[in-house]
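Let me begin by presenting the structure, written as structure tokens, before commenting on it.
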Amino acid sequence: MAITSSGGSAASILEPERRTAVRDEVDVLVVGGGPAGIMAACAAAEDGLRVLLLESRSFVGGNMTIGLPVLGFLSQKGEQIIRGLPQQLIDRLKVRNAASEHRPCPLHMAITLVEPEAVKFVALEMLLDAGVEVRLHTLVAGVVKEGDRLRGVITESKSGREAILAQAVIDCTGDADVAYRAGVPCEKGDEHGGMQPPTLMFCLAGVDTERLRMSIAEEPRTYLTDFIPNDYFGQNHQFIVVGLRQLIQKAQSAGLSIPTERTIIITGLREGEAWINMTRVKRVDGTDATSLTRGEIEARRQIEDIQRYLVSYVPGFEKAYSTKTAPFLGIRETRRIVGRYVMNRDDVLSCRHFDDAIAVASYPIDLHRPNDDGCTLEWCGDCYDIPYRSLLPTKVSGLLVAGRCISTTHEAMAAIRVMAPCMAMGEAAGRAARLAVRAGVDPAEVEVRQLQRELLERGAYVRVPAQVG
Ligand SMILES: Cc1cc2nc3c(=O)[nH]c(=O)nc-3n(C[C@H](O)[C@H](O)[C@H](O)COP(=O)(O)OP(=O)(O)OC[C@H]3O[C@@H](n4cnc5c(N)ncnc54)[C@H](O)[C@@H]3O)c2cc1C
């Protein structure tokens with residue numbers, strides 16, 4: 001093996017050419033088992049195609065397993081805009097008392113609480129019931145291409161390095177790992193490359209959530225919340241608190257190190273449980289293992305003072321104790337593909353309709369600013385469409401992308417990134433891949449009207465021209 005040096009240190013090595021076994025060849029390959037990937041795989045498998053889902057972790061669910069509520073099911077006008085397969089997942093969770101109703105919220109439009117452990121079981125069960133083959137512990141580390149056409153991926157796992165070929169691939173990695181490695185142009189962050197900071201979620205038990213909500217409801221001068229009127233808390237037993245900025249300032253003056261301006265508390269489905277979304281590590285690049293490691297270490301260090309703050313300053317936390325941290329640092333933003341259409345801030349804020357709409361979203365631009373401790377929120381007042389072209393990459397065929405890494409700007413991504421729209425995109429990508437494979441065409445050549453018709457017929461919600469509906 002040849003080692004090339006630069007300035008006295010080893011710069012690269014030349015790996016010997018090697019033969020890699022083709023482990024499998026399937027109709028549709030989905031990479032990433034988060035909210036988008038679960039839906040993509042279930043949709044693609046609906047009429048018997050061979051669909052394989054690869055996931056690098058030991059469980060499916062992605063960010064739906066880190067203690068977050070699912071946001072985005074309802075529009076700013078209260079209408080349910082995400083239906084179809086995503087609703088089926090929630091219905092399955094509800095059977096196990098592991099999901100709440102879609103509760104209206106003045107800030108988040110709707111919150112749907114889910115029990116993270118149950119997501120791991122139920123999402124897996126939904127995939128297996130749909131006939132999807134699932135392979136865990138398998139990281140996609142490279143791609144197989146013929147000219148501009150993606151033919152499959154290279155995986156690394158305990159089994160070593162293997163290839164998997166497919167007629168169509170759907171990248172649901174959140175990081176656009178497949179697209180990037182296939183040569184699709186990608187962007188990261190704002191104009192300076194600044195990305196939204198990640199958060200390690202953690203869970204406290206022994207929280208008196210009744211005392212918390214009634215204190216906020218009854219003492220509005222002491223407990224100031226962002227955008228959510230105090231009386232909302234008097235009427236709702238399950239909620240997200242965002243704000244209490246003055247309490248953080250007091251704690252900071254008393255010497256506690258709190259990395260954010262806002263208290264964010266999410267009630268759990270289990271009594272006395274609360275998930276805390278307050279660690280925040282700046283300048284982490286979720287596509288760089290060294291940077292990710294720094295993020296995990298720093299976020300873990302932040303938890304101690306945040307917990308002290310909650311126990312000492314926030315009503316209802318007096319007897320709270322720590323039970324668990326999320327299984328991994330939650331990454332808000334990394335790569336976005338440059339696709340056939342790049343959704344932008346104006347598309348979101350002008351409630352834009354697209355002829356090739358494949359999903360409807362309504363969540364506001366919710367941008368945790370990369371360089372300070374604050375957040376920018378902007379609402380459009382209604383809904384906006386997600387166009388099929390934003391799921392189609394440029395320069396590479398045989399590939400679709402769904403989830404937070406579709407083709408958007410930094411600002412538009414801050415709106416479409418929540419889990420309900422990611423699931424709707426996944427369902428659309430899965431159905432598109434199925435149509436493409438059945439017709440023997442590239443996903444880019446799929447008849448959009450047919451895709452929209454199928455989405456509507458199968459229970460999804462899309463705003464489409466009259467001739468489709
Ligand atoms: C701290 C935080 C708070 C948030 N708050 C909310 C909230 O309250 N509500 C809400 O709805 N949304 C929230 N979001 C946003 C939301 O969680 C994500 O944007 C959403 O989950 C994206 O879905 P996805 O399917 O695209 O990606 P992910 O959920 O990230 O799933 C990607 C999956 O792909 C797998 N994977 C990645 N790379 C590879 C690879 N190379 N090979 C194999 N597998 C791979 C991962 O292991 C993962 O399972 C938050 C995000 C963060 C980080």
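The values are calculated or read from the model by the stated rules, or taken from the named source; none is laboratory data. If you're wondering where the values come from, they're calculated on a predicted model, not measured in any experiment. Please note: Cβ atoms are built from the backbone with ideal geometry, for glycine as well, and neighbour counts cover all protein chains shown.
Pairs, please: C-beta under 7 Å, at least 6 apart or cross-chain, first residue modelled with pLDDT of 95 or more and in the stretch 82-110, second surrounded by fewer than 16 Cβ atoms within 10 Å (Cβ to Cβ)?
ARG83/GLY459; GLY84/ARG458; GLY84/GLY459; HIS102/GLN80
Only residues that are in a strand (DSSP E or B) and either in contact (Cβ under 8 Å) with a residue 60 or more places away in the chain or within 9 Å of the ligand (Cβ to nearest atom) (or both): list them for the stretch 7-24, please.
VAL22, ARG23, ASP24
Which condition number does LEU269 fail, the rest of (1) more than 13 Å from the ligand (Cβ to nearest atom); (2) surrounded by 22 or more Cβ atoms within 10 Å (Cβ to Cβ); (3) not basic (Lys, Arg) being met?
(2)
Out of the residues in the stretch 46-64 that are near the ligand (Cβ under 9 Å from one of its atoms) and surrounded by fewer than 23 Cβ atoms within 10 Å (Cβ to Cβ), state the one that is nearest to GLN87 (Cα to Cα).
That would be PHE59.
Suppose we filter GLY84, GLY62, GLY72, GLY147 for residues that are over 21 Å from ALA429 (Cα atoms), out of contact with any Cys (no Cβ under 6 Å at 6 or more places or on another chain) and not hydrophobic (A, V, I, L, M, F, W, C); which single one remains? Before the answer, list the steps.
Values: GLY84 fails: over 21 Å from ALA429 (Cα atoms); GLY62 fails: over 21 Å from ALA429 (Cα atoms); GLY72 fails: over 21 Å from ALA429 (Cα atoms).
Step by step, each of GLY84, GLY62, GLY72, GLY147 is checked, and only GLY147 is over 21 Å from ALA429 (Cα atoms), out of contact with any Cys (no Cβ under 6 Å at 6 or more places or on another chain) and not hydrophobic (A, V, I, L, M, F, W, C).
Find the strands (runs of 3 or more DSSP E) located wholly in the stretch 108-225 whose residues include 3 or more that are of a type in the set (D, E, K, R) and either over 24 Å from PHE328 (Cα atoms) or within 22 Å of the chain's Cα centre (by Cα) (or both), and list them.
On the way: elements: 109-112, 133-135, 139-146, 149-157, 160-171, 186-188, 202-205.
Once the strands (runs of 3 or more DSSP E) in the stretch 108-225 are filtered for at least 3 residues that are of a type in the set (D, E, K, R) and either over 24 Å from PHE328 (Cα atoms) or within 22 Å of the chain's Cα centre (by Cα) (or both), what remains is 160-171.
If you check ARG340 against the conditions, is it in contact (Cβ under 8 Å) with a residue 60 or more places away in the chain and outside the structural domain of ARG181 (by TED's automatic domain parsing)?
Details: in contact (Cβ under 8 Å) with a residue 60 or more places away in the chain: yes; outside the structural domain of ARG181 (by TED's automatic domain parsing): no.
Taking the combined requirement at face value, the residue does not satisfy it.
List the residue pairs whose Cβ atoms are under 7 Å apart, where the first residue sits in the stretch 307-326 and is part of a helix (DSSP H, G or I), the second is among the charged types (D, E, K, R), and the two are 6 or more positions apart or on different chains.
If the second residue must be among the charged types (D, E, K, R), the pairs left are VAL311/GLU318; TYR313/LYS250.
Taking only the stretch 265-280 into account, find how many residues are under 18 Å from the mean Cα position of the chain (by Cα) and either outside any loop (DSSP other than H, G, I, E, B) or of a type in the set (Phe, Trp, Tyr) (or both).
3
Tell me the strands (runs of 3 or more DSSP E) entirely within the stretch 370-414 that contain at least 2 residues that are of a type outside the set (S, T, N, Q), in the same structural domain as TYR180 (by TED's automatic domain parsing) and within 30 Å of ALA433 (Cβ to Cβ). It would help to see each step written out before you state the result.
Values: elements: 375-378, 384-387, 399-401.
Once the strands (runs of 3 or more DSSP E) in the stretch 370-414 are filtered for at least 2 residues that are of a type outside the set (S, T, N, Q), in the same structural domain as TYR180 (by TED's automatic domain parsing) and within 30 Å of ALA433 (Cβ to Cβ), what remains is 384-387, 399-401.
Of the residues ASP27, ASP91, only one is away from the ligand (no atom under 16 Å from the Cβ) and under 24 Å from VAL122 (Cα atoms); which? Full working, then the answer.
Working: ASP27 fails: under 24 Å from VAL122 (Cα atoms).
ASP91 is the lone residue from the list that is away from the ligand (no atom under 16 Å from the Cβ) and under 24 Å from VAL122 (Cα atoms).
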